[in-house]
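Enquirer: Just dropping this structure here.
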Amino acid sequence: MLSYAIFSGITLGGMYALVAMGLTLQYGVSRIMNLAYGELVIVASFIAFVFMTSFGINPILGLLIIIPLSFVLNWAIYRILLTPLVARAKNRGMLEVDSILATFGLLFIVQGVLLVWFGGNYYSYDFMNNAVDVFGAVIAANRLVALGFAVVIGLGFYLILTRTRIGTALRAVAVDPTSARLVAIDVNFASCFAFALGGAVAAVGGVLVSMFLTFSTSMGVVFTMKALIVVIMGGVGNLLGALVAGLILGVAESLVATYIDPGLTIAVTYVIFLLVLLVKPSGLFGRATS
Amino acid sequence: MEISAKLRFATIAAATTALMSSATLFGANAQETYRIGYAVSKTGPGAPGAATSTIPNYEMWVKEVNDAGGLKVGDKQLPIEVVEYDDRSSSEEAVRAVERLINQDKVDFILSPWGTGINLAVAPILDRAGYAHLAGTAVTDKAPQLAKRWKNSYWLLGTGEQYAVEMAEFLKGLKDAGKINDKVAMIAVADGFGIELSKAGRAALEDRDFDLVYDKTYPLGSQDLATIVNDIKSLGADTFVAFSYPPGTLGLTEQSRVLGFNPKVFYAGVGTAFPLYKDRFGADAEGVVSLGGASENDPKIADYIKRHIAFAGREPDRWASIVNWASLQSLHQAIERAGSTDREAVNAELAKGGFDTILGTYKPGDQNFWQVGQWQDGKFVGVAPTSMEGAHELVFPKPAWKAAN
């Protein structure tokens, strides 16, 4: 019982982390508080659904098309919609407020387009739902795949950000865009790149989540909310933090559902969130700001 | 600043005057359409439910009536003009929209919104303005009292208790025949529907000497119910009952399949009777029990399903859609019988009943539809009340899941 609760919690947490990691890039580096984030996750879910049901392309292969596509789409969103806001913002606070308003509008545009194309119905398809035995716990294969992606993306990006030149540049922009300019970092490019990268990670999340969750055009906000909690809890801009925070929430929910009451799973999420904020306001892996 | 504010005021004033004069102009013309309005959840959490059970039926009804030349009132036949609002799944928004339909759009009739909460919210307003309220997607234990308080309101899906009692009675039959043990595991979504049905279900099952070995709720919106299923699996219950909403219904079916939890009776909540369920689980839907059901051997029902597929590109659900359609047929016939769009006359006709619908001879509020249904050979058929004509034998025990193994 305990091993099952922990393993299903880890897969659940992997899903949370997966959905949150794109937002932590967009918010952490580009300083865009993207309220349309969840809608972009859902867009990828719908594309995966169409690939699977209309063309018989399995979602994992579909990623080869969906990742570059969403990278380009998010690049365009940043260049067309957000660059003017970045240019006129006098400071970070102003950019955050403006980007919240702009992406709030974007949320309704994306939702409206999805609504016209797909209607308000629930969507769901069957892929890799076979049972896999992991140390005595039976888990659906698609959830393990999602967990695998979460770990690879989380650790991979962590290493890229801390060990490579471009990663260092991205972190410099995240910490202080004005000073980053002084050491010849193209801040606009770096922000745009991070935003597009975050969008691509969101799309990976959307595709993988669509394999086991029922989704509809109006569900984006659920993902935005969950992602926001994970991002803030893990420390804004820290992918490893998002991974760890996601896993903590997943395991906590699963343990509470098994040993206390399934009705308290949402409550425990917020209790942990509050505790983290009280003890470490900048998040588990966040750097305290002066 | 000063100037721009004045300018804005002037523009608004001019626009309002223009609008008002055009409205009077319009009003002076002879009536060319009958106006029917509704506010329904096109976005927000209620949107998938509305898109399944409500919107396609309304649109199909309007199209069918207009294709046939329009609504016949007395000796005049005019097309229907629709005034539609999105209530964004919020009661406040729905109340505003319905007030607008009544006061500004001055529609002739109003069709009901989607969902229990929103129907409850708009009921007093419709009542005050004298509009009939055929609530096609509300399940509430207060249904009989509400129908008395607002005399032109009809709570078509009845009370949560009736579904729970009918289910418990049916299970008792199986227990008495020695087919299932007395252990039942029950879960419910922590929202209006789940709470009412689990409350009624708990009482009804305990009255019939069932032992509830698991009885918990889970939060609204949760689809990850694997830990619950895994807990229940080891409790030895022959019967599993979930008063769930569609995402949860699909989630727990999937997770039961993965975990190989296959009780003799598998009862899942709203969403089971949706065509989505069959599309998603294929042969594994076989034997799953839920609320609702359709007599597809009945030519009227079969024809309705065929028309719905042709119009909306998908099947209707086998519960609320059917009742909704019967209510539209009733309203249509009440208007024709009254021979006028005078709401009082139409309300009087509605109260008389005796309409010819896909549910047979029908009076809004009749509970003459299936309370318990089951997927059998790709059709969601009615199994209880067993006294109803065309009741199917239960497929028992539920066949093993196929796909996951």
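None of the figures in this text is laboratory data; all of them are computed from the coordinates on show. Computed from a predicted structure; not experimentally measured. Cβ: placed from backbone, ideal geometry, glycine included. Neighbour counts: every protein chain shown.
Enquirer: Hey, fewest Cβ within 10 Å first, where do B:218, B:34 land in order? Present the calculation step by step, with values, prior to reporting the outcome.
Expert: On the way: B:218 28, B:34 20.
Ordered from fewest to most neighbouring Cβ atoms within 10 Å, B:218, B:34 come out as B:34, B:218.
Enquirer: Considering only DSSP states other than H, G, I, E and B, which GluC sites (Glu not before Pro) in the stretch B:23-116 qualify as loop sites with at most 13 other Cβ atoms within 10 Å? Don't skip to the end; give the middle numbers.
Expert: Details: sites: B:32, B:59, B:64, B:81, B:84, B:92, B:93, B:99; in loops: B:32.
Qualifying residues, ordered by number: B:32.
Enquirer: Projected onto the charge dipole of the stretch A:2-279 (+1 at Lys/Arg Cβ, -1 at Asp/Glu Cβ, origin at the Cα centre), which of A:50, A:103, A:214 gives the Cα projection farthest towards the positive end?
Expert: Projecting each Cα onto the dipole axis, the largest value belongs to A:103.
Enquirer: Using the membrane-span-like helix rule (whole DSSP H runs, Cα extent along the own axis of at least 18 Å, mean Kyte-Doolittle hydropathy at least 1.6), which helices of chain A qualify?
Expert: Values: long enough: A:2-28 (36 Å, 1.18); A:37-50 (20 Å, 2.04); A:59-77 (25 Å, 2.18); A:92-118 (37 Å, 1.56); A:141-163 (32 Å, 1.56); A:187-210 (34 Å, 1.82); A:220-234 (21 Å, 2.17); A:239-259 (30 Å, 1.89); A:265-279 (22 Å, 2.86).
Span-like helices, by this rule, are A:37-50, A:59-77, A:187-210, A:220-234, A:239-259, A:265-279.
Enquirer: Need one number: nm distance between label points at residue A:152 and residue B:103, each 7 Å from Cα along Cα→Cβ, rounded to one decimal.
Expert: Simple spin-label model gives 5.9 nm for this pair.
Enquirer: Can you tell which of B:123, B:47, B:348 shows the greatest fluctuation in a Gaussian network model of chain B with Cα springs below 10 Å?
Expert: B:348
Enquirer: On to the next question. Note the angle between two axes, namely the Cα long axis of helix B:299-312 and the longest principal axis of the Cα atoms of chain B, as a number of degrees from 0 to 90, rounded to the nearest 10.
Expert: Between helix and principal axis, roughly 60 degrees.
Enquirer: Same structure again: Pull up the DSSP beta bridges for chain B and report the antiparallel fraction as a percent, rounded to 5.
Expert: Details: 13 of 41 bridges.
Percent antiparallel among DSSP bridges in chain B is about 30.
Enquirer: How far, in degrees from 0 to 90, does helix B:2-28 lean away from the longest principal axis of the Cα atoms of chain B, to the nearest 10?
Expert: Helix B:2-28 sits at roughly 90 degrees to that axis.
Enquirer: Dipole of the protein assembly as shown (Lys/Arg Cβ +1, Asp/Glu Cβ -1, origin at the Cα centre): which of A:114, B:160, B:77 lies farthest to the positive side?
Expert: A:114
Enquirer: Of B:383, B:184, B:258, which is the most mobile in a GNM of chain B whose springs link Cα atoms less than 10 angstrom apart?
Expert: Result: B:258 has the largest fluctuation of those listed.
Enquirer: Return the loop-located GluC sites (Glu not before Pro) in the stretch B:348-405 (DSSP other than H, G, I, E, B) with at most 16 other Cβ atoms within 10 Å of their own Cβ; answer none if there are none. Please list the in-between numbers first.
Expert: Working: sites: B:349, B:389, B:393; in loops: B:389, B:393.
The qualifying sites are B:389, B:393.
Enquirer: Same structure, new question: Placing +1 at every Lys and Arg Cβ and -1 at every Asp and Glu Cβ, with all other atoms neutral, what dipole size does the stretch A:2-279 have around its Cα centre, in debye to the nearest 20? Walk me through the intermediate numbers first.
Expert: Details: 11 positive and 9 negative charges, 160 e Å.
Magnitude of the dipole: close to 760 debye.
Enquirer: For the stretch A:1-123, what class follows from the C-alpha gyration tensor (a ≥ b ≥ c being the square roots of its eigenvalues): rounded when a/c is under 1.5, otherwise prolate if a/b is larger than b/c, else oblate?
Expert: It is oblate, given that a/c is not under 1.5 and a/b is not larger than b/c.
Enquirer: By how many degrees, between 0 and 90 and to the nearest 10, does the Cα long axis of helix B:246-259 differ from the longest principal axis of chain B?
Expert: Result, in degrees: 20.
Enquirer: Determine the alpha carbon to alpha carbon distance for each of A:226/B:183; B:199/B:379; B:199/B:264; B:142/B:300; B:42/B:402 and list only those over 27 Å. Before the final figure, lay out the partial values.
Expert: Working: A:226/B:183 37 Å; B:199/B:379 29 Å; B:199/B:264 23 Å; B:142/B:300 31 Å; B:42/B:402 36 Å.
Over 27 Å apart, Cα to Cα: A:226/B:183; B:199/B:379; B:142/B:300; B:42/B:402.
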